[in-house]
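Written out below as structure tokens is the structure these notes cover.
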Amino acid sequence: MVKLHFHKFIWKTNVPSIVQVSVENLITKQTEQEVEVRGPPVSKAFDQEGNPTKAAVSFSRKYSVLLDLVYRKVDGKTEYVYACIKESSRHALEV
């Protein structure tokens, strides 16, 4: 459980208001999580023989995913290429 404490200091001068926040039990680092990212439409990602095009290769390279791990999924009326990637954890101060 995270507790937030807000302290507000306001002076009736030309100095702007100051707000102080104190947080107890803050998690210092985010957890790693898997995220599904959408790539190009299948029609652009693969040629007529089913071979990957430059679009599919660029997508897999961008997210450091092997082409074998890329999969197809329908979104609306169009079928797209997707990949699951792991988002690395970040420290609380970076967020």
query = When the residues of the stretch 26-40 are filtered to those that are under 13 Å from Arg90 (Cα atoms) and not acidic (Asp, Glu), which remaining residue is modelled with the lowest pLDDT?
reply = Ile27
query = Out of curiosity, is Tyr82 modelled with pLDDT under 95 and touching a Gly at 6+ places or on another chain (Cβ under 9 Å)?
reply = no
request  = Say whether the condition of being of a type in the set (A, V, I, L, M, F, W, C) and in a loop (DSSP other than H, G, I, E, B) is met by at least one residue in the stretch 57-69.
outcome  = yes
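The values are calculated or read from the model by the stated rules, or taken from the named source; none is laboratory data. As the structure is a prediction and not an experimental result, all values here were calculated from the model. FYI the Cβ positions are ideal-geometry reconstructions off the backbone, even for glycines, and counts take in every protein chain you see.
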